[in-house]
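Undergrad: Quick one: the structure is below, questions incoming.
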Amino acid sequence: MSKFESSIKQIPYSQKAVYSKISDLSNLEKVRDRIPEDKIQGFSFDQDTVSVNVPPVGEIRLRIINREEPKCVKFETEQSPLPFHLWIQVLPVTETSSKMKVTVEADIPFMLKGMVSGPLKEGVEKIADALAMIPYE
């Protein structure tokens with residue numbers, strides 16, 4: 001298994017507020033307009049799943065498999081060219097701020113590792129950046 005971790009992002013909202021938003025994917029409705037349509041298409045979600053079509057990768061669908069209130073939400077792929085697990089950790093810094101890290105763990109075949117490791121690391125960082133910019137109020 002290969003593990004890819006984002007840098008730690010500082011969030012100017014409490015751990016509870018951040019966890020509350022990321023543990024219910026229906027909250028994605030509030031950020032739908034920030035998603036670049038040229039990069040991601042077919043964006044849909046409900047409380048437990050999110051699905052996107054990423055050209056040229058194809059459709060990726062994730063489902064929440066574990067919620068550890070108030071510190072972690074774990075996902076696994078239901079559909080993806082490369083199966084993986086993703087989790088978002090949220091830890092308190094103060095009563096009104098927290099920090100977040102996104103981790104992806106994937107079983108990448110040796111022959112593909114060199115080709116997909118860079119884009120996966122970059123993708124994990126972009127997910128963390130996007131999550132850090134969400135208004136969690």
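Undergrad: In nm, to one decimal, how far is the modelled label at Lys121 from the one at Glu78, with both set 7 Å along Cα→Cβ?
TA: Result for the modelled spin labels: 3.2 nm.
Undergrad: How much length would be gained if the chain were fully extended between Glu69 and Met1, taking 0.36 nm per residue of separation minus their Cα-Cα distance, in nm to one decimal? List each step's numbers first, then the result.
TA: On the way: separation 68, 0.36 × 68 = 24.48 nm, distance 2.60 nm.
The span from Glu69 to Met1 would gain 21.9 nm if fully extended.
Undergrad: Using modelled backbone amide H atoms (1.01 Å from N, in-plane), which distant-in-sequence or interchain residues come within less than 5 Å of Phe84's amide H?
TA: Thr77
Undergrad: To continue, here is another question. Taking a spot 7 Å from the Cα of Ala130 along the direction of its beta carbon, which residues of the range 54-94 have an amide N less than 11 Å from it?
TA: 54
Undergrad: So, one more: Run the numbers on the chain and let me know its relative contact order in percent, using alpha-carbon pairs under 8 Å that are six or more apart. Could the numbers behind the result be given before it?
TA: On the way: 258 pairs, mean separation 43.8, N = 137.
Over the chain, the number comes to 32 percent.
Undergrad: Label Ser51 and Phe110 with points 7 Å out from Cα along Cα→Cβ: what is the distance between them in nm?
TA: Once both label points are built, they end up 3.6 nm from each other.
Undergrad: Okay, next question. Can you tell me the 0 to 90 degree angle between the C-alpha axis of helix 110-132 and the longest principal axis of the chain, rounded to 10?
TA: Its long axis makes an angle of about 20 degrees.
Undergrad: Sticking with this structure for a sec: Based on DSSP H runs of at least 4 residues, each adding -39500 (n - 2.57), what is the mean residue ellipticity at 222 nm of the chain after dividing by all its residues, to the nearest 500 deg cm²/dmol? Intermediate results must be reported in sequence, preceding the final value.
TA: Working: 2 runs with 31 residues, N = 137.
Value at 222 nm, helices only: -7500 deg cm²/dmol.
Undergrad: Sticking with this structure for a sec: Sorting Leu91, Leu131 by accessible area (1.4 Å probe), largest first, what list results?
TA: Details: Leu91 85, Leu131 25 Å².
Ranking Leu91, Leu131 by accessible area, largest first, yields Leu91, Leu131.
Undergrad: Please give me, ordered by residue number, the GluC sites (Glu not before Pro) of the range 43-126 that lie in loop per DSSP and have at most 15 other Cβ atoms within 10 Å.
TA: Numbers: sites: Glu59, Glu68, Glu76, Glu78, Glu95, Glu105, Glu122, Glu125; in loops: Glu95.
Taking the range 43-126 and a limit of 15 other Cβ atoms within 10 Å, the loop GluC sites (Glu not before Pro) found are Glu95.
Undergrad: Under a Cβ-Cβ cut-off of 12 Å, what is the net charge of the residues other than Gln79 that fall near it, where Lys and Arg count +1 and Asp and Glu count -1?
TA: On the way: positive: Arg61, Arg63; negative: Glu59, Glu76, Glu78.
Here the count lands on -1.
Undergrad: A follow-up question, please. Using per-residue counts of other Cβ atoms within 10 Å, averaged over each peptide, order 52-58, 8-14 from highest down.
TA: Values: 52-58: 12.4, 8-14: 16.9.
Result, highest mean Cβ count within 10 Å first: 8-14, 52-58.
Undergrad: Also, I was wondering about something else. Can you tell me the FRET efficiency between Thr94 and Glu59 if r is taken as the Cβ-Cβ distance and R0 is 41 Å, rounded to the nearest 0.05? Kindly include the intermediate steps, with their values, before the conclusion.
TA: Working: r = 40 Å, r/R0 = 0.97.
Calculated value: 0.55.
The values are calculated or read from the model by the stated rules, or taken from the named source; none is laboratory data. Please read these numbers as outputs of a predicted model, since none were measured by experiment. So basically every Cβ, Gly included, is an ideal-geometry build from the backbone, and we count neighbours across all protein chains shown. Ligands, DNA and RNA are excluded from the accessible area calculation, which covers all protein heavy atoms including side chains. Shrake-Rupley method; radii C 1.70, N 1.55, O 1.52, S 1.80 Å.
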